[in-house]
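This report concerns only the one structure given below.
No lab work stands behind these numbers, since they all come straight from the coordinates. No experiment lies behind these values; they were computed from the predicted model shown. Cβ atoms come from the backbone with ideal geometry, glycine included; neighbour counts cover every protein chain shown.
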Amino acid sequence: MGAPAQIFDQMSLVAIEISVWGGERQSQLKDLGEERHISGDLPPEKVAKSFSKKVIDTKHLRPFRRFRNQAHEACMAVGTQLKDRSGIYAIPDAEVDDLILRLEEIEKEYKEELQRFLANYPSYVNEWVAANAEWGEWIRKSTLSHSEVKKRFSYGFFITGFAPDKRDDGRMAEKAEELGNTLIKEIAQVAEASWERTLRGRDEAGIRVLGPMKRMRRKLAACRFLNPVADQGIQQIDELLGKMPKSGTIAGSLYQDLTVLTLRFAKGDLAIPGHAAGDIDQALEEIAGEEVIEELEAESETGNGEAANTAPAPQPETAEKPDYSGFLF
């Protein structure tokens, strides 16, 4: 790995600052009224929990969460995060201009959606009150004004350079090494998500399944100066993609090669292996563990992987927090 000064001279810091209102307002049980408070007649969880009550159906906030995730994903695609979920990224200078354009595109969409949301806010409140008529008066008491709601949304980002100074006591060297290790961990997260969401339980797929490999290659190419093993990872991805069809189905030994490389990357192993890339049995034994081996053996006993072909791919659960592995496709 290069000296810290050489590394940080090639990078900028990008901080994402995006707020999305949760559609809720703090409340107390006494807000229910004396009679209901005493009787313990409490609203259902969809209306209130943890001392907060919803004043609209939160489905109307999904676009803003999507925009927030897209901004973080844009940074993760070409850089590495300084600390998990910190929202601060180290981005190669060569990628900054394109990243700014992407973040500005998302900002435009965010602000346009915010205008639509604010215009429809009164109807969203009425809709929620009507859907929960028993608690309608209690809900309406907590509605926020148009201006109060607007304050709870924001979209911003800023960019600055690293600035090591003469008082540095070696911590910049530690941070440089940390960034190199973080790059490998983030690649591993994408590979693990790819295995769980698109590869596991199957023995063939369409070419769209190559999306994660292409995204990992882009990230490794952008940040290759952070860790020398990145070049080995790029080489292996290029060799794999070079063998793949341009359309149709990926199956047989090609699907096995994709599975092996994905599993190895999921374990943070980007180095060129000593054994053949297509040796799926050895790779599974070394990397995936007994659980995956037993699962694949069970599938093979059903008859040439018939069950694997017909079973739907596992779907990720909806998460409130940003999913930074979202640049799978």
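See the values below:
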| read-out | value |
| --- | --- |
| Complete set of residues in the stretch 126-152 that are within 15 Å of residue 57 (Cβ to Cβ) and either loosely packed, with under 11 Cβ neighbours inside 10 Å or touching a helix residue (DSSP H, G or I) at 6+ places or on another chain (Cβ under 7 Å) (or both) | 128, 129, 130, 132, 133, 136, 139, 140, 143, 149 |
| Given (1) over 21 Å from residue 19 (Cα atoms); (2) free of Cβ contacts under 8 Å to residues at least 24 places away in the same chain; (3) among the hydrophobic types (A, V, I, L, M, F, W, C), index of the condition residue 119 fails | (1) |
| Residue that is surrounded by the most Cβ atoms within 10 Å (Cβ to Cβ), among those in the stretch 216-246 that are over 21 Å from the mean Cα position of the chain (by Cα) and touching a residue at least 60 places away in the same chain (Cβ under 8 Å) | 226 |
| Residue check, residue 201 exposed (fewer than 13 other Cβ atoms within 10 Å of the Cβ) and over 21 Å from residue 77 (Cβ atoms) | no |
| Filter result (β-branched (Val, Ile, Thr) and within 22 Å of the chain's Cα centre (by Cα)) within the stretch 101-128 | 106 |
